[in-house]
Every structure is written in C-alpha cells, then in structure tokens.
C-alpha cells in the first residue's frame, strides 16, 4: 500500500513502507532483532529511498511490534497514524535530538510491507519470550473432561 504525506517543504509525497530488521542487544547482552520501517518515495519509474521512520537506540524493545519513531527527521510521522498502521503508546525516549515516541505497529501492516522480515522477527521474539507457537491447535474431544482436577 502507498501512503500520502504532506512534507515540511509544502509538497506532497507518496511513500511505500518497507519492514527491515536490525540487530540489538537485550539487557544481558544477548543479540536480538528489532523492526525498522524504511519509507521509499514512489516515483513514476521506480521507488527511491525517502526516510527511515524508526529510530534505534541499540536496545531490545520488549513490547512486540514496537519501535521508536524518528520525529526529528520525519516531522510528518504523525500523519501516518491516520492510516491505522500503528498506535502511539504515549511513551517516549529522550535522545540527543529530542523525544522519540514509541509506536506499536499493526501486525497486518508489518506483514504486508515485509512478510519475510516480519516472520523472522516474530519467530525470534516468540522464542525469546517463551511463547509457544503451533500451526493449529487440536480440537478438544467432547467426551473428555474439562481438564481441571479437583483434589479431594
């Protein structure tokens, strides 16, 4: 999907996001993956790099699908919220050039704009968090009990 933004120089730009990955470390020094969102300007002939929407502080963000937003270089960033791509958490991180809001990106958006990268991120995140994932849960047998045992 392509999104239209108003630029700080008074023009309009059509941009297409691309989900990328980058390495960070958790608090114990273990390598992890975080998501990054790059925006390409959609020229009539081919896309060209426009901006990196997200900012990295080199640390793992424990909140799934979350990233800090580079509002210093992407003053248009809030315009993208109207498309429903993410929700602002209200949390920020102070940096050398200002305050960076933390957004949680919509999973459908992440899959649409980087399915392979998002799948790799999600797998690593779930493994790190101890979240078991299965292809399909078996249907419970109607003849079996509820699974609860009351000790008497």
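Every read-out reported here was derived from the displayed coordinates using simple, explicitly stated rules and does not represent laboratory data. This one's a predicted model, so the numbers in the text were calculated from it and none came from an experiment. Positions of Cβ are backbone-derived with ideal geometry, glycine not excepted, and every protein chain shown enters the neighbour counts.
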With the chain treated as a Gaussian network of Cα nodes joined by springs under 10 Å, which of 81, 33, 102 yields the largest mean-square fluctuation? 81
If you build a Gaussian network model of the chain, linking Cα atoms that sit under 10 Å apart, which residue out of 20, 120, 132 swings the most? 132
Comparing 51, 96, 36 in a Gaussian network model of the chain (Cα, 10 Å), the one with the largest mean-square fluctuation is 96
Taking the Cβ of each residue in 74, 18 as the centre, tally the other Cβ atoms inside 10 Å and list the residues starting with the fewest. 18, 74
How do 125, 83 rank when sorted from fewest to most other Cβ atoms within 10 Å of their own Cβ? 83, 125
Just the number, please: Stokes-Einstein D of the chain in µm²/s, Kirkwood Rh from C-alpha pairs, 4 °C, 1.567 mPa s. 73
What's the angle, to the nearest 10 degrees (0 to 90), between helix 115-129's Cα axis and the longest principal axis of the chain? 50
